[in-house]
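One structure is given here, and the rest of the page talks about it.
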Amino acid sequence: MRLPVVSHRRPTQSGLHRGVRVTVVTAAAATAAATLTGAPASADPKDTRQSAKAAVDRLYAEAEKATELYNEAGERVERLRGEADRAQDAAARGQESVNRMRNSLGAMAGAQYRTGAIDPALALLLSSDPDTYLERAAALDRAGARQALTLDKLRRAQRGVAQTRAEASRALTELERNRAAVTRHKRDVEAKLRQARQLLNSLPAEDRASLDRVSRSGRDGAPDLSGVAPGSARAMSAVAAVRQALGKPYVWGANGPFGFDCSGLMQWAYAQAGVSLPRTSQAQRYAGRMVPLSQAQPGDLVAYRADASHIGMYVGNGQVIHAPYPGAPIRYDPVGMMPVSSVTRI
């Protein structure tokens, strides 16, 4: 019986590396497809395209919600940091006043100690001018009472300031912790966006272009608003400013002038018109008077989704200018690109 011939030749290093690379790349592609599309890599191209679109839309929505939470937390942190600084300044000023009062009372106590061996009644009898003595004694009593009252007020004020400072410090600690959590969430969403972009890049160019045009919700229709009257002077100034931002990048948590998120763009544009808007899209929707979409005028803020997690500016002809999502520049889109939750006139 012949024994099988066993080769003891080891694979070359380059051959081994090629095998590893093929295995890793294939596994990564399969994992990305399964994770983002929920379908095997051999799925129908049309199904893959629709799955990719649904995944990207979902990730965009998550990213915007995270950004607005991040903006809100940052705004609260800055506000409370200012309150804490003011409280600390007030505490320092109060402490200086208390120190001055203590020094004054100490000097008075020393003087009283040095003359304390003489009974006040005897001092009155020995005084060559009893009337002057009584006047001075009454004045000293009144001064001492005023100083004691003032010191008591200052101590109460100092306790109040210290309490305020402690509360502000606790709030800042909690807000910084929350902000760090939101930042971590934002990083998670950014990672998902990168994965979605990788999937989109694996599609043919025509499919990528189609997805980019209809991403958000695929709603291309928009109401006919061409006959609506122009907005106010400040609204038109904001429209002129937002048009200047066209083509600039979407940047997490930014409100200009070189990059913007959706609410940051609205805040910056109206600031150019001399109007101060809140930082978040949820707060901006309540910054003015709400009007029906059918009566929208240039300069009105259009909030999207029930939670107002996205916002843009209506600029006429059925279009808004907005900061769409990471990787997309400031651009025009149909006002009906997503479900509209409110229209606000500033």
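Structure values in brief
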| quantity | calculated |
| --- | --- |
| Criterion: open to solvent by less than 30 Å² (accessible area, probe 1.4 Å), over 20 Å from the mean Cα position of the chain (by Cα), of a type outside the set (S, T, Y) and modelled with pLDDT of 95 or more - qualifying residue of I346, I330 | I346 |
| Among the candidates A323, A254, residue that is closer than 25 Å to L193 by Cβ, without any contact (Cβ under 8 Å) to a residue 12 or more places away in the chain and in contact with a strand residue (DSSP E or B) (Cβ under 6 Å, 6 or more places away or on another chain) | A254 |
| Residue tally, condition over 20 Å from V251 (Cα atoms) and open to solvent by 10 Å² or more (accessible area, probe 1.4 Å), over region 317-327 | 2 |
| Residue identified as out of contact with any helix residue (DSSP H, G or I) (no Cβ under 6 Å at 6 or more places or on another chain), open to solvent by less than 60 Å² (accessible area, probe 1.4 Å) and at positive phi among R305, R285 | R305 |
| Subset of region 300-346 [under 18 Å from A61 (Cβ atoms) and among the polar types (S, T, N, Q)] | S309, S341, S342 |
| Condition met for L225 (at pLDDT 70 or above, part of a loop (DSSP other than H, G, I, E, B), surrounded by 15 or more Cβ atoms within 10 Å (Cβ to Cβ) and more than 29 Å from the chain's Cα centre (by Cα)) | no |
| Counted residues, region 293-302 - those being open to solvent by 10 Å² or more (accessible area, probe 1.4 Å) and either of a type in the set (A, V, I, L, M, F, W, C) or assigned to a strand (DSSP E or B) (or both) | 1 |
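The values are calculated or read from the model by the stated rules, or taken from the named source; none is laboratory data. Computed from a prediction, not measured in an experiment: that's the story for all the values here. Quick reminder, even Gly has a Cβ in these numbers, built from the backbone with ideal geometry, and neighbours come from all protein chains shown. When the accessible area is computed, the model is the full protein with side chains, heavy atoms only, and any ligands, DNA or RNA have been set aside. Shrake-Rupley method; radii C 1.70, N 1.55, O 1.52, S 1.80 Å.
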